[in-house]
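Just below is one structure, and these are the notes that go with it.
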Amino acid sequence: MSHLQTIRNTFERIANRYDEHAALEQEVCRRLLEKTPFKRISPVVILDLGCGTGFAAGMLKQEFRKARVIGLDTSMAMLLQLRRRSSMRKPLKGVCGDIGVLPFATRSADMVVANLASYWCPEPMAMFSEFRRVLRPDGMLLFSTFGPGMMKELKAAWSGVDREVELPEFPDLLEIGNALVAAGFRDPVMDMEDITLSYPDLNAMFRELEATGTSLLVRGWDRRRMSEEALDRAYSPFIREGRYPLSFEIVYGVAFGPQEGQPVKTPDGDVVTFSVDALRRSRKVP
């Protein structure tokens, strides 16, 4: 079974209870949208990529009532939850697809949003080129992702117990910024913060990581049952007031698509793109 199929199957299974455990994902979404200079734009089409149950899509529809909000996810069960948020007054559309190969036309969206979703793509840094492709000139990209300090306590504890278990490595602000510029985005602005959750014990922590699919990021996750007591002892230096903390480094980003005619670097050299309407306007005789 491929990794993408494993991801899809997992979210099919957890969709019904996802929102009960997704406090982190929902809080990051709120903070991402709070950082957004919404007054600069009046989007007609908004894409919520990796939309899950549609939490972000619902907030975007509340903010931009006249916009068409489309959520994309690889899981049909997640999209069913999104449709339950939809209504006649605030309709939301769901599309099943791969965040790395978007089933949308070039220059079809005014805003692209990806809240804690990019790491599900096999090539998350290259994915920015696909985001840029579907954005109209001057369109806005909003995203959040995990940073290098993700789950640092668990990483430290597990490294001393079982070296066959590998926690993921995430790019830092500089790497993400370089990837945005290389993909053709302009005026990128990024921010980072740590959010720490705490749990009564490791079992509660692990249940939540599984219920949100985050456990899929840990290679060798199933080996935890072989070393539960040793892992608990290794975690003891981090315990505070009887609680087990787990840190999440969150990177927030806002960037804008290239203006009409702005060169974009590609493996085959710089590419300049103009719409037909722009060419017609440039050829008008005064």
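General observations
- Residue 46 modelled with pLDDT of 95 or more and over 15 Å from residue 120 (Cβ atoms): yes
- Screening 195, 239, 250 for residues that are more than 30 Å from residue 35 (Cβ to Cβ) and either modelled with pLDDT of 95 or more or over 19 Å from the mean Cα position of the chain (by Cα) (or both) leaves exactly one candidate, 239.
- The range 228-243 residues that are more than 16 Å from residue 200 (Cβ to Cβ), paired with ones that are of a type in the set (D, E, K, R) (beta carbon under 9 Å, 6 or more apart): 230/162; 237/153
- For the range 47-58, the criterion of being surrounded by 14 or more Cβ atoms within 10 Å (Cβ to Cβ), over 24 Å from residue 248 (Cβ atoms), of a type outside the set (Gly, Ala, Ser) and under 17 Å from the mean Cα position of the chain (by Cα) is met by at least one residue.
- Contact map, the range 132-151: residues that are closer than 14 Å to residue 113 by Cα paired with residues that are among the hydroxyl-bearing types (Ser, Thr, Tyr) and open to solvent by less than 10 Å² (accessible area, probe 1.4 Å), Cβ distance under 8 Å, separation 6+ or inter-chain. Pairs shown: 143/252; 144/252.
- Across the range 72-96, the number of residues qualifying as assigned to a helix (DSSP H, G or I), touching a residue at least 60 places away in the same chain (Cβ under 8 Å) and open to solvent by less than 90 Å² (accessible area, probe 1.4 Å) comes to 4.
- Flag if residue 143 is within 29 Å of residue 108 (Cβ to Cβ), at pLDDT 95 or above and under 16 Å from the mean Cα position of the chain (by Cα): yes
- Given (1) open to solvent by 10 Å² or more (accessible area, probe 1.4 Å); (2) touching a Leu at 6+ places or on another chain (Cβ under 7 Å), number of the condition residue 200 does not satisfy: (2)
- From the list 110, 98, 138, 73, the lone residue that is charged (D, E, K, R) and in contact with a Pro (Cβ under 7 Å, 6 or more places away or on another chain) is 110.
The values are calculated or read from the model by the stated rules, or taken from the named source; none is laboratory data. Model, not experiment: these values are computed from the prediction. Quick reminder, even Gly has a Cβ in these numbers, built from the backbone with ideal geometry, and neighbours come from all protein chains shown. For accessibility, only protein heavy atoms count, side chains too; no ligands or nucleic acids. Shrake-Rupley method; radii C 1.70, N 1.55, O 1.52, S 1.80 Å.
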